[in-house]
Amino acid sequence: AAVPRSRARRGGALAGTTSAVGSAAAAAGKTLRRASDGSLPLSLGRITLSNGNVVFSDFFVRPNYSANLTSVAGTVSAMSPAQAGVIDVTAKVDDAAPVEIHGELQPFARDLSFRISGKARDIELPPLSPYSAKYAGYGITRGKLNFDVDYKVENRRLDAKNRLVLDQLTFGDKVDSPDATKLPVLFAVSLLKDANGVIDLDIPISGTLDDPQFSMFAIVVKVIVNLLTKAATAPFALLSSIAGGAGGAAGGEDLALLEFAAGSAAIEGEAAARVERLAKALASRPALKVDVTGRVDAASDAEGLARAALARELRETKFAAVEVTPDEVA
């Protein structure tokens, strides 16, 4: 097919400009050397952004995922090996969900250091279906995402806080994916959703940048897989941690078992407190249902029942004696 001449000229000019910029960058890279203190002898002046647009596309997943960051505006202050740049940027996802990024970045010092925080509100979840279908085995039909993150790198160590709030997350039909987890995703979601249909997750991440095995994506995936595994293998412990039980979010008391005194059906003391904690957790998770099954320990319960029967007879005998004595005296 023929290409218009004007378009061909524009394409050639763009290719030439790109090639020239690339050559200049390569030449600068060859001549640039670190200073004696390990810093890079570079400095940047103030950067101002106005009405910017960033399009991100991930061609690794099928179907491909794309996100459009619009209305990018803000500033990055001057930076040098001795001066960190201050970041103050706002944007929107697809002209709708607001995004804010703030912090400090010092890329030219001997050791990279930064502290950057960001937040976004009301990001639609259905566009993330390529990822959920690939790794969870289900597409997303409904829901919104809010997140607050805080990332800090100091002395080549990363400490990150990630708070993710998924509101009304709803999965669609199951999708065949060889990469999908075999863990019970739908059950885990029901376990994590509160009475208002909200999932509130705190995902802390830490590690050293000198570790060749360190990977942000791998750590996040590991945390999520561990959460799903806990939902599958120890759901009552997860319920306990959600309800603020012993062990906190990291552990959680296993409420799956309720012990009684031998030969007794009374729920007292710590057992009663455990029932209250379980009731609290289930009240905040209306989609969950619990089946209760009782069992008997023949050896200890037989002895306990015998002791209880003897104690009952002694009480009845004592009460009978107390009731008869006054009549006899009269």
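Explain nothing, just compute: Karplus ³J(HN,Hα) = 6.51 cos²θ - 1.76 cosθ + 1.60, θ = phi - 60°, for every residue of the stretch 291-304 in order, whole Hz, x for Gly and Pro.
9, 10, 10, x, 8, 10, 9, 3, 5, 6, 5, 4, 5, x
Residue-wise, which Karplus ³J(HN,Hα) couplings in Hz belong to the stretch 140-156, taking 6.51 cos²θ - 1.76 cosθ + 1.60, θ = phi - 60°, and x for glycine or proline?
10, 9, 7, x, 10, 10, 10, 9, 10, 10, 9, 10, 9, 10, 8, 6, 6
Quick check on packing: order 176-183, 161-168 by the mean number of other C-beta atoms within 10 Å, highest mean leading. Mind showing how you got there, number by number?
Numbers: 176-183: 12.2, 161-168: 15.9.
Highest to lowest by the protection proxy: 161-168, 176-183.
So for the stretch 159-215, averaging the separation of alpha carbon pairs under 8 Å that are six or more residues apart and normalising by length, what relative contact order in percent results?
Details: 46 pairs, mean separation 32.8, N = 57.
In percent, rounded to a whole number, it is 57.
Amide H neighbours of G139 under 5 Å, at least 5 residues apart or on other chains, H built in the peptide plane: list them.
Under 5 Å from the amide H of G139 lie the amide H atoms of G172, D173, V175, each far enough along the sequence or on another chain.
Only the coordinates and a few stated rules stand behind these numbers; no lab work does. The structure presented is a predicted model; accordingly, all values stated were derived computationally and were not measured. Backbone-built Cβ (ideal geometry, glycine too); neighbour counts: all protein chains shown.
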